[in-house]
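Here, each number is a calculation from the coordinates, and none is a lab measurement. All of these numbers come straight from a predicted model, not from anything done at the bench. A quick note on method: Cβ atoms are made from the backbone with ideal geometry, for glycine too, and the neighbour counts reach across all protein chains shown.
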Amino acid sequence: MPVVDHGSLPEFPMRPGITGKWICSRERGASDVGVLANTVKPGCGAPLHRHDYEEVILVEAGKIWVEMNKGPRLTATPGQCVIIPANMAHAWGNEGPEVLRVLFVWNSPEPFAPGKSTYLEGTPPTTS
């Protein structure tokens with residue numbers, strides 16, 4: 001199993017105000033899991049979408065809002081995580097005035113591959 005020095009990995013733009021860094025992916029040697037680090041500027045986020053698999057959001061810094069099935073917004077802060085069931089429509093964004101840093105974990109090394117995610121609003125992110 002390879003050791004990934006994620007501190008030295010390059011960030012890439014995913015959406016306006018959001019950069020990503022693949023920590024764990026097929027490209028990094030994973031066969032069954034994906035981990036993506038995001039840095040999110042205040043007021044930025046992802047539109048309503050769903051994945052074919054469960055998603056876990058771990059908050060490292062800042063405050064995230066998450067809305068599932070257009071229900072009430074939940075918030076999470078550093079040290080907390082949000083678990084989103086498979087096929088649950090959800091959107092998320094940076095709720096606070098500071099930069100949000102989060103890790104997304106999926107049981108797929110390519111969570112944005114064609115047919116794995118559906119965007120109900122907006123468009124899929126850039127993933128590399």
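Dipole check for region 1-78: with +1 at the C-beta of Lys and Arg, -1 at the C-beta of Asp and Glu, and the Cα centre as origin, the magnitude is about 340 Debye. Please identify which residues in region 28-61 have an amide N closer than 20 Å to a label point set 7 Å out from the Cα of Ala113, following the Cα→Cβ vector. Residues passing the 20 Å test: 28-37, 50-56. Normalised size of region 19-110, defined as Cα radius of gyration per 2.2 N^0.38 Å with N residues, equals 1.03. At the listed q of 0.16, 0.24, 0.27, 0.28 Å⁻¹, the Debye profile of region 60-124, built from one uniform point per Cα, gives log10 I(q)/I(0) equal to -0.61, -1.21, -1.32, -1.34. Restricting attention to the chain, the count of lysine pairs at 8 or more positions apart or across chains with alpha carbons under 21 Å apart stands at 5.
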